[in-house]
Amino acid sequence: MRDLFIVAKFTIKDMVKRKSFIISNLIILLFIVIGFNIPNIIKLFTNEDSSTAGTNMLIVDSENIFENTLTNLNEIDLGYNFTITNENLSFEDIKTKVENAEIDEAIIISNKDNQINIEYIVKNLTMIEAVPESIVNTLSSLYTNLQISKLGLTPEQIQSMSPNFTFEMKQTENQEVQGNPIAIMLISIVLFYAIYFCAYQVSSSITTEKTSKIIETLVTSTTPKTIVLGKTIGIGIVGIIQIVAIIATALISNALFLEEGILDGIIDFDNVTPFLGFITLIYFILGYAVYALLYALTGSTVSKPEDVQSANGPVAIIVIIGFYLSYFTMMNPTSELNQVAAILPISSPFCMPFRVMMGIATTSEILISIAVLAITIFIVAKISIKIYSQAILNYGSKISLKDALQMYKNKNV
Amino acid sequence: MGLKVENVSKHFGSKLAVDNISFEINEPGVFGLLGTNGAGKSTTIRMILGILKKDSGNITWNGKTVERKNINFGYLPEERGIYPKTKIYEQLLFFAELKGMKKEEATKEIDYWMGRLKVEEYKNMLAEKLSKGNQQKIQFIISILHNPELIVLDEPFSGLDPVNTEMLREVILELVEKGKYIVMSSHQMTSIEEFCKDIVIINKGKTVLKGNLQEIKNSYKANRLEIDTEKDISKEIEKLNMQILKQVDRNYEIAIDDEEKAYTLMKNLVNNNIKINKFELKRPSLNDIFIEKVGE
């Protein structure tokens, strides 16, 4: 136990003290801070809000088609400061006003052959595909109301003509899904990368020890089991620290730099509970342990750094299959396949936190999934440590799968 | 007391790497483990260190069976290596702690040995910045830092310059004086002859020669004569049908199959009033014995 702690401590210190580690992590954190500042940066360059709030809109109704009802527009919150005029202004007049920054946008209303024509004028049409829907709807509604009022109908008759719908959504399945799947899938992707890259570190660390021949000294100082487990724990702790640093930076940046509520449409913060954090942490640890131990095995089978990629190939394929099984079934989270993905040890670390956040994971599902992962870790650890014990002192060519199986069967180790 | 290797064998698949090897180290000193490349030395060392399980036989240290969990030997492997991106002090401390030392005690020993081997200036430097020789000295420190009773040194002098070789030589003698048991594996026969009282020579996994080095050498008859004279004696040598192996000026190395012939040559030279500066009957060197035993 003491040796395990010493190996883990050395692994952590060795990793976090490296310049490459410090620099790459600082860059990631810097990118997060910059990412959360993008709206502010855009504002800085455009010197205006990204929303339409405060946009000065001039409406030219020279023929008074709307019969002065357009003044009601400023009572509706459309995000514009409307100025209404009945002057006869041409496109050139509007252009001058826009260029002189007197207004930002304009609408010219005219009647051509009993057809009401609305021209929407902005400085530049790039990125604007159509006249804003809010303006189209509001003007249509104002005009309709104006025409109805002329029919001499009673208020009740007018009321009965206005749509009074209430829209509701219902599903036939019993399980109700909460939250925004896109945002939650993003969390699964982050979890995948965290598990994959941390586990890969174990392989690369083991190969480095083998190629630098330090393993000869190390293996006489402690047991292969301690080396593998100590290294796995050490790198795992560093991974958790990295994730915590990333999440903390994101939360702090959100609080400091983003306008309140800007992410509400993407993430439902009501679903981000301490329980979800705990479950995500558990699945990161378990998923990382499975893949780190598999990578420990493959890392020990090579003697040259250039062989690491090919040796790790089979594990990389398993991780990717696990991730995609989870990812594609997330599109239909109540499907049986997604339930299976949440239990299978190769995909459950990416899938179960998603199901928990969507509110569809049952306690028994979570417990079964954790139990399956724990059993898998035990089996993988046993196999990996046994093969690692023999493979690390083999400096010949890359060990084949057949050799590895023979090593596992070897009872005299 | 000491290390006892009894009838130890080890297979790798169908290949027999070590075949029924036995030897003993009963008192402190340096024991020579010799053999060609692939003879089974590293496998034997790994079994002694408990990192490889033997198929059969017994290895004991002070009467107790050697197992990984109950040994604390020192080991300088032939394959040199330290963590390239880690500071020297940190890796020395890491290995010392793994060997059960406390930080304060380890730091004291690190300072002593770094000073003793004149590498103290590299204490806070990354290992990759050190020369090969200095890296080797660091690895040697790792093997002795925890004050082990038995130290296995695999090719300790390879790659060292004469100054560092001498420094390491002194340290090894100091360790012997302190009562350490040292197993030295080397292809440098002069080092083995200098340090080892007892040796074992392994070839293709089998013991081909073992015992006290001096007794082994004494069991061989002299096969060369080195003679240094003041005059050219080529004719006298030819008269006795002897073969000159090497001649530098008037220093001759002559092959002899019978010691009597050497004495006859000496008598003839004395009778002819030829002054002899040196007359030495030479037994086979360890190098000669090694080649004879393992050479095909």
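The values are calculated or read from the model by the stated rules, or taken from the named source; none is laboratory data. As the structure is a prediction and not an experimental result, all values here were calculated from the model. Positions of Cβ are generated from backbone atoms using ideal geometry, with glycine treated the same way; all protein chains shown enter the neighbour counts.
So here's what we get for this one:
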read-out: Identity of the residue in the stretch A:22-37, in a helix (DSSP H, G or I) and in contact (Cβ under 8 Å) with a residue 24 or more places away in the chain, that ends up farthest from the other protein chains (Cβ to nearest Cβ); value: A:Phe36
read-out: Wholly within the stretch B:84-200, helices (runs of 4 or more DSSP H) carrying at least 3 residues that are within 11 Å of chain A (Cβ to nearest Cβ); value: B:88-98, B:132-144
read-out: Yes/no for B:Leu52 being under 18 Å from A:Glu216 (Cα atoms), facing chain A (nearest Cβ under 8 Å), crowded, with 21+ Cβ neighbours inside 10 Å and touching a Lys or Arg at 6+ places or on another chain (Cβ under 6 Å); value: yes
read-out: Pair list, Cβ < 7 Å and 6+ apart or interchain, from the stretch A:205-227 residues that are free of Cβ contacts under 8 Å to residues at least 24 places away in the same chain and more than 7 Å from chain B (Cβ to nearest Cβ) to residues that are in a loop (DSSP other than H, G, I, E, B) and among the hydroxyl-bearing types (Ser, Thr, Tyr); value: none
read-out: Qualifying position, being assigned to a helix (DSSP H, G or I), touching a residue at least 60 places away in the same chain (Cβ under 8 Å) and of a type outside the set (Ser, Thr, Tyr), among A:Ile366, A:Ile375, A:Ile285; value: A:Ile366
read-out: Scope the stretch B:229-262; condition of a type in the set (Lys, Arg) and closer than 17 Å to B:Pro284 by Cβ; matching residues; value: B:Lys246
read-out: In the stretch B:142-152, residue farthest from B:Glu79 (Cα to Cα) [restricted to those that are surrounded by 20 or more Cβ atoms within 10 Å (Cβ to Cβ) and more than 18 Å from the chain's Cα centre (by Cα)]; value: B:His146
read-out: Some residue of the stretch B:96-115 being farther than 30 Å from A:Met1 by Cα and of a type in the set (Lys, Arg); value: no
read-out: Any hit, the stretch A:74-81, residues being assigned to a strand (DSSP E or B) and surrounded by 12 or more Cβ atoms within 10 Å (Cβ to Cβ); value: yes
read-out: Candidates B:Glu177, B:Glu170, B:Glu166, B:Glu155, filtered to the one that is over 18 Å from B:Lys118 (Cα atoms) and over 14 Å from the mean Cα position of the chain (by Cα); value: B:Glu177
read-out: B:Ser9 vs. criteria touching a Leu at 6+ places or on another chain (Cβ under 8 Å), outside any helix (DSSP H, G or I) and of a type in the set (Gly, Ala, Ser); value: yes
read-out: Leading residue by the ranking (nearest to A:Leu293 (Cα to Cα)) among those in the stretch A:345-363 that are in a helix (DSSP H, G or I) and hydrophobic (A, V, I, L, M, F, W, C); value: A:Phe350
read-out: Selected residue (only one of B:Leu269, B:Leu213 is surrounded by 13 or more Cβ atoms within 10 Å (Cβ to Cβ) and either without any contact (Cβ under 8 Å) to a residue 12 or more places away in the chain or within 30 Å of B:Gly40 (Cβ to Cβ) (or both)); value: B:Leu213
read-out: Any chance B:Gly115 is exposed (fewer than 14 other Cβ atoms within 10 Å of the Cβ) and touching a strand residue (DSSP E or B) at 6+ places or on another chain (Cβ under 9 Å); value: no
read-out: Odd one out for A:Asp14 among (1) assigned by TED's automatic domain parsing to the domain that holds A:Glu259; (2) exposed (fewer than 13 other Cβ atoms within 10 Å of the Cβ); value: (2)
read-out: Filtered residues of the stretch B:1-44 (kept if surrounded by 14 or more Cβ atoms within 10 Å (Cβ to Cβ), among the hydroxyl-bearing types (Ser, Thr, Tyr) and more than 21 Å from the chain's Cα centre (by Cα)); value: B:Ser9
read-out: Flag if B:Asn62 is more than 7 Å from every other protein chain (Cβ to nearest Cβ), closer than 19 Å to A:Val7 by Cα and under 28 Å from the mean Cα position of the chain (by Cα); value: no
read-out: Which numbered condition B:Asn287 fails, given (1) surrounded by 15 or more Cβ atoms within 10 Å (Cβ to Cβ); (2) touching a residue at least 40 places away in the same chain (Cβ under 8 Å); value: (1)
read-out: Test: residue in the stretch B:173-195 that is of a type outside the set (A, V, I, L, M), touching a helix residue (DSSP H, G or I) at 6+ places or on another chain (Cβ under 6 Å) and crowded, with 20+ Cβ neighbours inside 10 Å; value: yes
read-out: Subset of the stretch A:84-122 (residues that are aromatic (Phe, Trp, Tyr) and under 19 Å from A:Ser140 (Cα atoms)); value: A:Tyr120
read-out: The stretch A:116-143: number of residues that are of a type in the set (A, V, I, L, M, F, W, C) and in a loop (DSSP other than H, G, I, E, B); value: 6
read-out: Residue in the stretch B:249-266 that is surrounded by the fewest Cβ atoms within 10 Å (Cβ to Cβ), counting only those that are closer than 11 Å to B:Glu226 by Cα and of a type in the set (A, V, I, L, M); value: B:Ala255
read-out: The stretch A:378-413, subset basic (Lys, Arg) and not in a helix (DSSP H, G or I), residue modelled with the highest pLDDT; value: A:Lys398
read-out: Which listed residue, of A:Lys304, A:Lys213, is at pLDDT below 80 and in contact with an Asp or Glu (Cβ under 8 Å, 6 or more places away or on another chain); value: A:Lys213
read-out: Count of residues meeting criterion [touching a residue at least 24 places away in the same chain (Cβ under 8 Å), of a type in the set (Gly, Ala, Ser) and within 14 Å of chain A (Cβ to nearest Cβ)] in the stretch B:4-37; value: 2
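Okay, residues lined up against (1) out of contact with any strand residue (DSSP E or B) (no Cβ under 6 Å at 6 or more places or on another chain); (2) at pLDDT 90 or above; (3) part of a helix (DSSP H, G or I); (4) of a type in the set (Lys, Arg):
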| site | (1), (2), (3), (4) |
| --- | --- |
| B:Lys235 | yes, no, yes, yes |
| B:Leu245 | no, yes, no, no |
| B:Thr264 | yes, yes, yes, no |
| B:Lys267 | yes, yes, yes, yes |
| B:Val270 | yes, yes, yes, no |
| B:Asn277 | no, yes, no, no |
